[in-house]
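*Asks:* What follows is a structure written as structure tokens; I'll ask about it next.
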């Protein structure tokens with residue numbers, strides 16, 4: 001009985017919160033733009049006004065994330081990648097941290113009941129639509145690149161309306177629970193203002 005309970009708890013731990021994101025037909029223009037965004041292989045780097053500001057952000061976010069990702073080297077790499085991918089997509093990195101908290105609980109190998117994968121719970125159909133078969137959605141950079149690109153795409157479709165974009169991202173457009181959870185996590189745990 002104990003083993004069965006342990007297995008159930010373990011399987012729940014790796015189950016994520018992603019909803020039933022909808023696969024939509026993309027125009028050739030949109031598909032091309034998204035493919036270009038996914039294929040960019042620029043090296044990960046932080047974009048801040050100063051090195052001091054970068055170290056302050058990394059230090060503070062690392063401290064907040066320590067219990068969820070105990071391995072310091074991986075945690076720093078994770079944060080640098082989140083910051084880079086969010087910034088290049090025109091997103092607030094702290095918003096992306098809130099989304100990851102809600103979607104996967106910072107679990108790299110999380111899989112939702114509908115098949116979404118990784119930190120940002122990316123649906124595999126995106127690889128088919130805009131990627132290449134060799135792209136692994138459990139790879140940190142690939143997952144964050146897709147997730148940030150997709151959220152940016154939904155923000156563009158929704159003309160900047162974050163709540164509607166988050167609803168699209170989760171497959172729950174028009175329902176307030178998911179957007180409220182992401183924005184709540186962002187504001188409560190990841191809000192950050194540089195003190196310089």
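*Asks:* Between residue 191 and residue 64, 0.36 nm times their residue separation minus their Cα-Cα distance comes to what?
*Replies:* 44.6 nm
*Asks:* In the stretch 45-115, how does Rg compare with the Kirkwood Rh, expressed as the Rg/Rh ratio over alpha carbon atoms?
*Replies:* Result for the stretch 45-115 is an Rg/Rh of 0.98.
*Asks:* A further question follows. Of the listed peptides 54-60, 87-93, what is their order by residue-averaged count of other C-beta atoms within 10 Å, with the highest listed first?
*Replies:* 87-93, 54-60
*Asks:* Report, please, the projected area of the stretch 60-196 averaged over directions, based on the convex hull of its C-alpha atoms, in nm².
*Replies:* 8.6
*Asks:* Let me ask something else. Please give the peptides 152-158, 167-173 ranked by average Cβ packing (other Cβ atoms within 10 Å per residue), highest first, as a rough proxy for protection.
*Replies:* My ranking of the peptides, most packed first, is 167-173, 152-158.
*Asks:* What is the distance, in nm, between label points placed 7 Å from the Cα along the Cα-to-Cβ direction at residue 141 and at residue 71?
*Replies:* According to this spin-label approximation, the distance is 1.7 nm.
*Asks:* Above 18 Å lies some portion of the pair distances; for the stretch 74-155, what is it as a whole percent of all C-alpha pairs?
*Replies:* Value for the stretch 74-155: 33 percent of Cα pairs lie more than 18 Å apart.
*Asks:* Using Cβ contacts closer than 10 Å as the measure, can you line up 83, 139 from fewest to most?
*Replies:* 139, 83
Readers should treat all values here as calculations from the given coordinates under stated rules, not as data from a laboratory. Please read all numbers here as calculations on a predicted model, not as lab measurements. Because the Cβ atoms are built from the backbone with ideal geometry, glycine has one as well, and the counts that use them run over all protein chains shown.
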